[in-house]
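The values are calculated or read from the model by the stated rules, or taken from the named source; none is laboratory data. Values in this document were obtained by computation on a predicted structure and should not be read as measured data. As a convention, Cβ positions derive from the backbone with ideal geometry for all residues, glycine included, and neighbour counts pool all protein chains shown. Ligands, DNA and RNA are excluded from the accessible area calculation, which covers all protein heavy atoms including side chains. Shrake-Rupley method; radii C 1.70, N 1.55, O 1.52, S 1.80 Å.
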Amino acid sequence: DGGASWVERDVPPSLGDGLNGVFFLDDLHGWVWGNVNSRTVDGGKTWTELPVLGSTYFMEFHTASFGLATGNFGAFVSTDGGLSWTASPHQMGDFSFADELTGLGASDTGLYRTTDGGASFTLVLAGDATAVAFLSATAAVAVVDGAFARSSDGGATWTVGASAEGRSRLTAVSDGVVLAWGRSGGFPDFDDRLFRSGDSGVTWTDLGEVMVEGIHAVTVAAAPTVVAADLAGNLFRSADGGQIWVRTFTSPG
(Lines give C-alpha, C1' and ligand atoms only; values in the text may rest on other atoms or scores of the structure.)
Protein backbone atom coordinates (compact mmCIF):
# COMPACT_ATOMS: atom_id res chain seq x y z
CA ASP A 1 0.00 0.00 0.00
CA GLY A 2 2.83 2.40 -0.85
CA GLY A 3 4.42 2.25 2.60
CA ALA A 4 1.31 3.11 4.62
CA SER A 5 1.58 -0.10 6.63
CA TRP A 6 4.18 -2.82 7.03
CA VAL A 7 4.24 -6.57 7.77
CA GLU A 8 7.46 -8.13 9.08
CA ARG A 9 8.77 -11.15 7.16
CA ASP A 10 11.26 -13.71 8.41
CA VAL A 11 14.17 -12.48 6.32
CA PRO A 12 16.92 -12.96 7.34
CA PRO A 13 16.42 -15.94 9.66
CA SER A 14 18.81 -14.53 12.27
CA LEU A 15 20.14 -11.14 13.34
CA GLY A 16 23.64 -12.45 12.63
CA ASP A 17 22.89 -12.33 8.90
CA GLY A 18 22.04 -8.68 8.44
CA LEU A 19 21.02 -7.37 5.02
CA ASN A 20 23.03 -4.90 2.97
CA GLY A 21 20.34 -4.04 0.40
CA VAL A 22 17.10 -4.77 -1.38
CA PHE A 23 16.19 -4.53 -5.05
CA PHE A 24 12.83 -5.00 -6.79
CA LEU A 25 12.62 -5.41 -10.56
CA ASP A 26 8.82 -5.14 -10.63
CA ASP A 27 5.82 -5.76 -8.38
CA LEU A 28 6.67 -9.45 -7.97
CA HIS A 29 10.41 -10.07 -8.35
CA GLY A 30 12.71 -8.89 -5.57
CA TRP A 31 16.04 -9.76 -3.95
CA VAL A 32 17.71 -9.01 -0.61
CA TRP A 33 21.38 -9.57 0.05
CA GLY A 34 24.12 -9.60 2.64
CA ASN A 35 25.90 -12.63 4.05
CA VAL A 36 22.72 -14.52 3.17
CA ASN A 37 20.76 -13.75 -0.02
CA SER A 38 17.07 -14.38 -0.72
CA ARG A 39 14.55 -13.72 -3.47
CA THR A 40 10.78 -13.39 -3.79
CA VAL A 41 8.59 -13.95 -6.83
CA ASP A 42 5.31 -13.00 -5.15
CA GLY A 43 5.91 -9.40 -4.14
CA GLY A 44 7.62 -10.18 -0.84
CA LYS A 45 5.02 -12.50 0.69
CA THR A 46 7.43 -15.45 0.69
CA TRP A 47 11.21 -15.64 0.31
CA THR A 48 13.59 -18.34 -0.88
CA GLU A 49 17.19 -18.46 0.31
CA LEU A 50 19.76 -18.36 -2.49
CA PRO A 51 23.25 -19.87 -2.68
CA VAL A 52 25.86 -18.24 -0.47
CA LEU A 53 28.29 -16.05 -2.41
CA GLY A 54 30.18 -14.44 0.47
CA SER A 55 29.53 -10.94 1.74
CA THR A 56 27.34 -9.41 -0.97
CA TYR A 57 27.46 -5.61 -1.16
CA PHE A 58 25.53 -5.01 -4.38
CA MET A 59 22.92 -6.89 -6.40
CA GLU A 60 20.80 -5.79 -9.36
CA PHE A 61 18.64 -7.76 -11.77
CA HIS A 62 18.02 -6.42 -15.26
CA THR A 63 15.46 -9.10 -16.14
CA ALA A 64 13.69 -11.69 -14.03
CA SER A 65 16.54 -14.05 -14.95
CA PHE A 66 19.73 -12.01 -15.41
CA GLY A 67 21.43 -10.23 -12.54
CA LEU A 68 24.78 -9.06 -11.20
CA ALA A 69 26.14 -9.43 -7.68
CA THR A 70 29.39 -8.02 -6.31
CA GLY A 71 31.12 -8.40 -2.98
CA ASN A 72 34.25 -9.82 -1.38
CA PHE A 73 34.01 -12.64 -3.93
CA GLY A 74 34.30 -10.35 -6.97
CA ALA A 75 31.60 -9.99 -9.63
CA PHE A 76 29.18 -12.83 -10.40
CA VAL A 77 26.17 -13.09 -12.72
CA SER A 78 23.06 -15.24 -12.67
CA THR A 79 20.87 -16.26 -15.61
CA ASP A 80 18.21 -18.02 -13.54
CA GLY A 81 17.02 -15.37 -11.12
CA GLY A 82 19.75 -15.98 -8.55
CA LEU A 83 19.40 -19.76 -8.14
CA SER A 84 22.95 -20.20 -9.46
CA TRP A 85 25.91 -17.88 -10.07
CA THR A 86 29.08 -17.82 -12.18
CA ALA A 87 31.97 -15.36 -12.48
CA SER A 88 30.96 -12.41 -14.64
CA PRO A 89 32.20 -13.02 -18.22
CA HIS A 90 35.01 -10.68 -19.27
CA GLN A 91 34.79 -9.27 -15.72
CA MET A 92 31.87 -7.09 -16.77
CA GLY A 93 30.68 -4.87 -13.95
CA ASP A 94 27.89 -2.82 -15.54
CA PHE A 95 24.92 -4.06 -17.57
CA SER A 96 21.82 -2.72 -19.28
CA PHE A 97 19.05 -4.68 -20.97
CA ALA A 98 16.56 -3.55 -23.60
CA ASP A 99 14.34 -6.60 -23.08
CA GLU A 100 14.53 -10.15 -21.72
CA LEU A 101 17.02 -11.24 -24.39
CA THR A 102 19.02 -8.22 -25.59
CA GLY A 103 21.54 -6.70 -23.24
CA LEU A 104 24.88 -4.92 -23.06
CA GLY A 105 27.76 -5.26 -20.63
CA ALA A 106 30.78 -3.06 -19.92
CA SER A 107 34.26 -4.18 -18.89
CA ASP A 108 37.82 -2.90 -19.12
CA THR A 109 38.19 -4.79 -22.40
CA GLY A 110 35.13 -3.37 -24.14
CA LEU A 111 31.39 -3.43 -24.66
CA TYR A 112 29.74 -6.83 -25.03
CA ARG A 113 26.27 -7.70 -26.34
CA THR A 114 23.94 -10.61 -25.66
CA THR A 115 20.84 -11.66 -27.60
CA ASP A 116 20.11 -14.77 -25.53
CA GLY A 117 19.40 -13.28 -22.12
CA GLY A 118 22.99 -13.31 -20.94
CA ALA A 119 23.87 -16.90 -21.78
CA SER A 120 26.60 -15.61 -24.12
CA PHE A 121 28.18 -12.24 -24.93
CA THR A 122 29.95 -10.96 -28.07
CA LEU A 123 32.40 -8.06 -28.21
CA VAL A 124 30.91 -5.10 -30.12
CA LEU A 125 33.33 -2.28 -29.21
CA ALA A 126 36.84 -2.75 -27.83
CA GLY A 127 38.21 -0.39 -25.19
CA ASP A 128 37.94 0.40 -21.50
CA ALA A 129 34.17 0.63 -20.95
CA THR A 130 32.96 1.97 -17.61
CA ALA A 131 29.22 2.37 -18.20
CA VAL A 132 26.44 1.45 -20.61
CA ALA A 133 22.73 2.24 -20.76
CA PHE A 134 19.83 1.42 -23.06
CA LEU A 135 17.48 4.36 -23.62
CA SER A 136 15.07 2.41 -25.82
CA ALA A 137 14.99 -0.82 -27.79
CA THR A 138 17.36 0.71 -30.33
CA ALA A 139 19.18 3.63 -28.67
CA ALA A 140 22.05 3.02 -26.25
CA VAL A 141 24.93 5.07 -24.87
CA ALA A 142 28.21 4.13 -23.22
CA VAL A 143 31.45 5.54 -21.88
CA VAL A 144 34.44 3.87 -23.55
CA ASP A 145 38.07 4.98 -23.31
CA GLY A 146 36.91 8.17 -21.62
CA ALA A 147 34.57 9.17 -24.46
CA PHE A 148 30.84 8.99 -25.07
CA ALA A 149 29.70 6.33 -27.55
CA ARG A 150 26.23 5.77 -28.95
CA SER A 151 24.34 3.11 -30.84
CA SER A 152 21.09 3.37 -32.80
CA ASP A 153 20.72 -0.33 -33.66
CA GLY A 154 20.33 -1.95 -30.26
CA GLY A 155 24.04 -2.01 -29.47
CA ALA A 156 25.20 -3.90 -32.56
CA THR A 157 27.36 -1.02 -33.89
CA TRP A 158 28.75 2.08 -32.20
CA THR A 159 29.90 5.62 -32.97
CA VAL A 160 32.41 7.22 -30.61
CA GLY A 161 31.90 10.93 -29.96
CA ALA A 162 33.12 13.64 -27.61
CA SER A 163 35.20 13.19 -24.47
CA ALA A 164 33.24 12.32 -21.35
CA GLU A 165 35.65 14.55 -19.40
CA GLY A 166 35.94 12.07 -16.57
CA ARG A 167 32.27 11.06 -16.33
CA SER A 168 32.11 7.31 -15.69
CA ARG A 169 28.47 6.53 -14.84
CA LEU A 170 25.24 6.77 -16.85
CA THR A 171 21.57 7.01 -15.87
CA ALA A 172 18.91 6.69 -18.58
CA VAL A 173 15.95 8.97 -17.87
CA SER A 174 13.82 8.46 -21.00
CA ASP A 175 14.09 7.49 -24.67
CA GLY A 176 16.09 10.63 -25.41
CA VAL A 177 17.48 11.81 -22.07
CA VAL A 178 20.53 10.40 -20.30
CA LEU A 179 22.70 11.75 -17.47
CA ALA A 180 26.45 11.21 -17.13
CA TRP A 181 28.14 11.56 -13.77
CA GLY A 182 30.99 10.19 -11.65
CA ARG A 183 33.79 11.85 -9.70
CA SER A 184 37.14 12.51 -11.38
CA GLY A 185 40.18 14.60 -10.49
CA GLY A 186 41.93 14.49 -7.14
CA PHE A 187 41.79 15.98 -3.66
CA PRO A 188 41.13 18.78 -2.96
CA ASP A 189 39.89 19.70 -6.43
CA PHE A 190 37.49 16.88 -7.29
CA ASP A 191 35.50 17.19 -10.52
CA ASP A 192 31.84 16.36 -9.80
CA ARG A 193 30.18 17.86 -12.86
CA LEU A 194 26.93 16.43 -14.21
CA PHE A 195 26.44 16.09 -17.98
CA ARG A 196 23.08 15.73 -19.76
CA SER A 197 22.03 14.71 -23.25
CA GLY A 198 18.54 15.32 -24.58
CA ASP A 199 19.12 13.70 -27.98
CA SER A 200 20.06 10.12 -27.10
CA GLY A 201 23.74 10.91 -26.61
CA VAL A 202 24.42 12.85 -29.82
CA THR A 203 25.28 16.07 -27.94
CA TRP A 204 25.98 16.75 -24.26
CA THR A 205 25.50 19.76 -21.97
CA ASP A 206 27.78 20.37 -18.99
CA LEU A 207 25.45 21.31 -16.10
CA GLY A 208 28.32 21.97 -13.71
CA GLU A 209 28.64 20.76 -10.13
CA VAL A 210 24.95 20.78 -9.25
CA MET A 211 25.82 18.67 -6.17
CA VAL A 212 29.03 20.12 -4.79
CA GLU A 213 29.59 17.20 -2.40
CA GLY A 214 29.71 14.81 -5.36
CA ILE A 215 27.05 12.46 -6.68
CA HIS A 216 26.63 9.13 -4.90
CA ALA A 217 23.60 7.66 -6.69
CA VAL A 218 20.91 8.62 -9.19
CA THR A 219 17.54 6.99 -9.80
CA VAL A 220 14.53 7.73 -11.97
CA ALA A 221 11.29 7.79 -10.01
CA ALA A 222 9.09 8.21 -13.08
CA ALA A 223 10.37 10.16 -16.06
CA PRO A 224 11.04 13.04 -16.07
CA THR A 225 11.44 12.98 -12.26
CA VAL A 226 14.96 12.09 -11.11
CA VAL A 227 16.21 11.74 -7.53
CA ALA A 228 19.86 11.79 -6.48
CA ALA A 229 21.92 11.46 -3.31
CA ASP A 230 25.26 13.18 -2.82
CA LEU A 231 28.28 11.84 -0.95
CA ALA A 232 27.26 13.73 2.22
CA GLY A 233 23.81 12.13 2.39
CA ASN A 234 21.83 15.07 1.05
CA LEU A 235 18.98 14.32 -1.37
CA PHE A 236 18.11 16.22 -4.54
CA ARG A 237 15.18 16.09 -6.96
CA SER A 238 14.73 17.18 -10.56
CA ALA A 239 11.29 17.42 -12.16
CA ASP A 240 12.57 18.14 -15.66
CA GLY A 241 14.85 15.24 -16.48
CA GLY A 242 17.92 16.52 -14.70
CA GLN A 243 18.13 20.12 -15.91
CA ILE A 244 17.19 21.89 -12.65
CA TRP A 245 17.80 20.38 -9.20
CA VAL A 246 16.33 21.22 -5.80
CA ARG A 247 17.69 19.92 -2.51
CA THR A 248 14.84 18.12 -0.76
CA PHE A 249 16.69 16.75 2.28
CA THR A 250 19.72 17.98 4.16
CA SER A 251 21.72 15.34 5.99
CA PRO A 252 22.17 15.94 9.74
CA GLY A 253 25.77 14.71 9.43
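Screening the range 86-127 for strands (runs of 3 or more DSSP E) wholly inside it with 1 or more residues that are β-branched (Val, Ile, Thr) and open to solvent by 30 Å² or more (accessible area, probe 1.4 Å) returns the ranges 122-126.
Of the strands (runs of 3 or more DSSP E) that lie entirely inside the range 183-253, those containing 2 or more residues that are open to solvent by 70 Å² or more (accessible area, probe 1.4 Å) and of a type outside the set (Gly, Ala, Ser) span 215-222, 246-249.
Does Trp6 satisfy the criteria of being among the hydrophobic types (A, V, I, L, M, F, W, C), assigned to a strand (DSSP E or B) and either under 29 Å from Ala98 (Cα atoms) or open to solvent by 40 Å² or more (accessible area, probe 1.4 Å) (or both)? So Trp6 fails the test. The set of residues in the range 45-77 being farther than 18 Å from Ala106 by Cβ, modelled with pLDDT of 95 or more and not in a loop (DSSP other than H, G, I, E, B) consists of Thr56, Tyr57, Gly71. Residues that are farther than 26 Å from Asp10 by Cβ and open to solvent by 50 Å² or more (accessible area, probe 1.4 Å) within the range 63-85 comprise just one, Thr79. Using the structure shown, decide if Gly82 is out of contact with any Asp or Glu (no Cβ under 7 Å at 6 or more places or on another chain), touching a residue at least 40 places away in the same chain (Cβ under 8 Å) and not in a strand (DSSP E or B). Here the answer is yes, as Gly82 does meet what is asked. Taking the criterion of being under 19 Å from Thr157 (Cβ atoms) and either of a type in the set (Gly, Ala, Ser) or without any contact (Cβ under 8 Å) to a residue 12 or more places away in the chain (or both), the residues of the range 85-107 that qualify are Ser96, Ala98, Gly103, Gly105, Ala106, Ser107. Out of Val177, Val160, one residue alone is open to solvent by less than 40 Å² (accessible area, probe 1.4 Å) and over 17 Å from Leu231 (Cα atoms). It is Val177. Just one of the listed residues (Glu60, Glu49) is surrounded by fewer than 17 Cβ atoms within 10 Å (Cβ to Cβ), free of Cβ contacts under 8 Å to residues at least 40 places away in the same chain, over 26 Å from Ala126 (Cβ atoms) and of a type outside the set (A, V, I, L, M), namely Glu49. Go over the candidates Asp42, Asp26, Asp17 one by one and state the one that is open to solvent by less than 80 Å² (accessible area, probe 1.4 Å), at pLDDT below 90 and of a type in the set (D, E, K, R). Step by step, each of Asp42, Asp26, Asp17 is checked, and only Asp17 is open to solvent by less than 80 Å² (accessible area, probe 1.4 Å), at pLDDT below 90 and of a type in the set (D, E, K, R). Against the list (1) out of contact with any Asp or Glu (no Cβ under 9 Å at 6 or more places or on another chain); (2) hydroxyl-bearing (Ser, Thr, Tyr); (3) modelled with pLDDT of 95 or more, the condition Ser107 fails is (1).
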